[in-house]
1. If you take the Cα atoms of segment 32-80, find Rg, then find the Kirkwood Rh from the mean of 1/r over all pairs, what is Rg/Rh?
2. Just add up the charged neighbours of L117: K/R +1, D/E -1, any other residue whose Cβ is under 12 Å from the Cβ of L117.
3. At a Förster distance of 41 Å, what's the computed FRET efficiency of E113 paired with V235, Cβ-Cβ distance as r, to 0.05?
4. Along each of its three principal axes, how wide is the spread of alpha-carbon positions in segment 119-262, in whole angstrom units, largest first?
5. Sort M229, M207, M259 so that the residue with the fewest other Cβ atoms within 10 Å of its own Cβ comes first and the one with the most comes last.
6. Could you compute the net charge surrounding R4? Neighbours are other residues with a C-beta less than 15 Å from the C-beta of R4; K and R count +1, D and E count -1.
7. When you take every Cα atom in segment 66-173, what is the radius of gyration, and what is Dmax, the widest Cα pair distance, in Å?
8. Name the cysteines of the chain that stand alone by the Cβ rule: no other cysteine Cβ under 4.7 angstrom.
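Taken together, the values in this text are just the output of simple stated rules run on the coordinates, not laboratory data. Everything numeric in this text was worked out from a predicted model, so none of it was measured. For neighbour counting, all protein chains shown are included, and Cβ atoms are generated from backbone atoms with ideal geometry for every residue, glycine included.
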Amino acid sequence: MSKREMSVAGSFYPRECSEIKRYIESFNADEEEAYSLKARAMITPHAGYVFSGYTANYAYRQIDTQAIKRVVVIGPSHRVYLKDASIGIFESYDSPCGQMKVDIEYAQSLLAEYDSLSFVPSAHQEHSTETQIPFIQHYFKQVSVLEIVYGDIEHFQLVPLIHALLEDEENFVVISTDLSHFHSLEEANSLDGICYKAIENMDVKAMDKGCEACGKIGVKALIEAGVEMGMYTKVMDYRTSYDANLDKASVVGYLSALMLKG
């Protein structure tokens, strides 16, 4: 049985399931209301849980997951050069909280339909996608998962794929990205503000006017598909690494947002 092995457990997130649950419990300790929103997609960060876990979790906890049968996680490749995008043709996805089923037949159908997709096994050691799995396991019940990692590709090449994913009411799409990297706190807030407004206003062109985001290609593709389908975004949380380590000199930005039907 082919399995997508864990590659960053013990570094970006805990190796023990009990520790992951403890993180999520601590993120939810603020006792703020969860809205149960009928979202179709989300934008979420992928740094270590100590830095971006709260921001990711805050969005995940707001989603009405009852109708969702399949979660497709899309993120940028940080480790290997990749032409276009790779979809994971595995039967299961490993996690400290147990294996998740991969809808391999659906994955193979997408592979056959979209020229932008191939299967490059070395691309599937990617933290931008893997860090989402424990959250998905916690908040989505009885779902399968698919992993798509992209590299050297234009955002418009991903739009038809994301559009099709969103059209299927049983799918939920997760777009993974962090924001600005290693600026002063003031510079980070300024740069991230451009991303924040572009996402909030669903303005693809504004994403290229100073927004720094490692997953900008995926975000732009989601926004463009969402605009085509009459959807809208709701920013859920924004913060920076400063909130975790109080270092103002070298800051990374994190944002989460949900995309909903108009």
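1. Working: Rg = 12.6 Å, Rh = 12.4 Å.
Radius of gyration relative to Kirkwood radius: 1.01.
2. Net of charged neighbours comes to -3.
3. Details: r = 32 Å, r/R0 = 0.78.
About 0.80, to the nearest 0.05.
4. So the three principal-axis extents are 43, 30, 30 Å.
5. Ascending Cβ contact count within 10 Å gives the list M229, M207, M259.
6. Details: positive: K3, R79, K101; negative: E5, E91, D94, D103, E126, E130, E147.
It works out to a net charge of -4.
7. 13.0, 37
8. By the Cβ distance rule, which asks for a partner under 4.7 Å, the isolated cysteines are C214.
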